[in-house]
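So the structure is just underneath, and the comments pick up after that.
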Amino acid sequence: VQLQASGGGLVQAGGSLRLSCAASGRTFSRYAMGWFRQAPGKERDVVAAITWSGEGTYYADSVKGRFTISRDNAKNTVYLQMNSLKPEDTAVYYCAASGDYSSYYSGTRGMDYWGKGTKVTVSS
């Protein structure tokens, strides 16, 4: 599975962005998907995750109520809708696929595939 993230950019605080992660390969629907982010000088942390069916989701406390993860298995794409953005959301965002949804609770270990990041900058 190859992953390609897009949709990052510069936005003012309070604004919105939608990130997309397009996957190649026919096995996309077998994987749980998630988004991580890494700010300069900080570790890469999980932001949100979604089960292969889309029925289960997980969010970091810092984004609950503002971000929504979704997926379209017919399009091999996972999305991250980000609303009410804050300057502290500034980071490079990465999508990742894992055969084990529970791996997202443990951080970056257990991810099978990573996409290249897309940068999100939120100005105050």
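Just checking, which of Ser29, Ser124, Ser102 is more than 14 Å from the chain's Cα centre (by Cα) and closer than 14 Å to Leu3 by Cα?
Working: Ser124 fails: closer than 14 Å to Leu3 by Cα; Ser102 fails: closer than 14 Å to Leu3 by Cα.
Just a single option satisfies the conditions, and that option is Ser29.
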Which number in (1) open to solvent by less than 20 Å² (accessible area, probe 1.4 Å); (2) over 15 Å from Lys116 (Cα atoms); (3) at pLDDT 95 or above marks the one condition that Cys21 misses? (2)
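Considering each of Ala5, Ala48, Ala23, Ala39 in turn, give the residue that is under 22 Å from Tyr101 (Cβ atoms) and out of contact with any Gly (no Cβ under 7 Å at 6 or more places or on another chain). Even if it seems obvious, please write down each step before you answer.
Working: Ala5 fails: out of contact with any Gly (no Cβ under 7 Å at 6 or more places or on another chain); Ala48 fails: out of contact with any Gly (no Cβ under 7 Å at 6 or more places or on another chain); Ala39 fails: under 22 Å from Tyr101 (Cβ atoms).
After ruling out the rest, the residue left standing is Ala23.
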Select from the stretch 9-18 the residues that are open to solvent by 30 Å² or more (accessible area, probe 1.4 Å) and farther than 11 Å from Gln81 by Cα and list them in ascending order. Leu10, Gln12, Ala13, Gly14
Of the numbered conditions (1) surrounded by fewer than 20 Cβ atoms within 10 Å (Cβ to Cβ); (2) under 14 Å from the mean Cα position of the chain (by Cα); (3) under 18 Å from Met111 (Cα atoms), Gly34 satisfies every one except a single condition; which is it? (1)
Members of the stretch 76-111 that are in contact (Cβ under 8 Å) with a residue 60 or more places away in the chain, outside any strand (DSSP E or B) and out of contact with any helix residue (DSSP H, G or I) (no Cβ under 9 Å at 6 or more places or on another chain): Asn83, Ser84, Leu85, Lys86, Pro87, Asp100, Tyr101, Ser103, Tyr104, Gly107, Thr108
Considering only the stretch 67-75, I want to know if a residue exists there that is under 25 Å from Gly14 (Cα atoms) and touching a residue at least 60 places away in the same chain (Cβ under 8 Å). no
Determine whether the stretch 97-109 contains at least one residue that is modelled with pLDDT of 95 or more, crowded, with 16+ Cβ neighbours inside 10 Å and of a type outside the set (A, V, I, L, M). no
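Within the stretch 70-84, restricting attention to residues that are surrounded by fewer than 22 Cβ atoms within 10 Å (Cβ to Cβ) and not polar (S, T, N, Q), which residue is modelled with the highest pLDDT?
So in the stretch 70-84, the residues surrounded by fewer than 22 Cβ atoms within 10 Å (Cβ to Cβ) come out as 70, 72-77, 79, 81, 83-84.
Imposing the further condition that a residue be not polar (S, T, N, Q) reduces the set to 72, 74-75, 79.
Numbers: Asp72: 95, Ala74: 92, Lys75: 94, Tyr79: 98.
Within the stretch 70-84, the match that is modelled with the highest pLDDT is Tyr79.
Residue check: is Gln4 in contact (Cβ under 8 Å) with a residue 40 or more places away in the chain, open to solvent by 40 Å² or more (accessible area, probe 1.4 Å) and within 21 Å of Ser124 (Cβ to Cβ)? Break it down stepwise before answering.
Numbers: in contact (Cβ under 8 Å) with a residue 40 or more places away in the chain: yes; open to solvent by 40 Å² or more (accessible area, probe 1.4 Å): yes; within 21 Å of Ser124 (Cβ to Cβ): no.
No: the conditions fail for Gln4.
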Please work out which residue is surrounded by the fewest Cβ atoms within 10 Å (Cβ to Cβ), limiting yourself to the stretch 52-69 and to residues that are modelled with pLDDT of 95 or more and hydroxyl-bearing (Ser, Thr, Tyr). Ser62
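The values are calculated or read from the model by the stated rules, or taken from the named source; none is laboratory data. Computed from a predicted structure; not experimentally measured. All Cβ positions, even for glycine, are placed from backbone atoms using ideal geometry, and neighbour counts span all protein chains on display. Quick note on the areas: whole protein, heavy atoms, side chains included, nothing else; ligands and nucleic acids left out. Shrake-Rupley method; radii C 1.70, N 1.55, O 1.52, S 1.80 Å.
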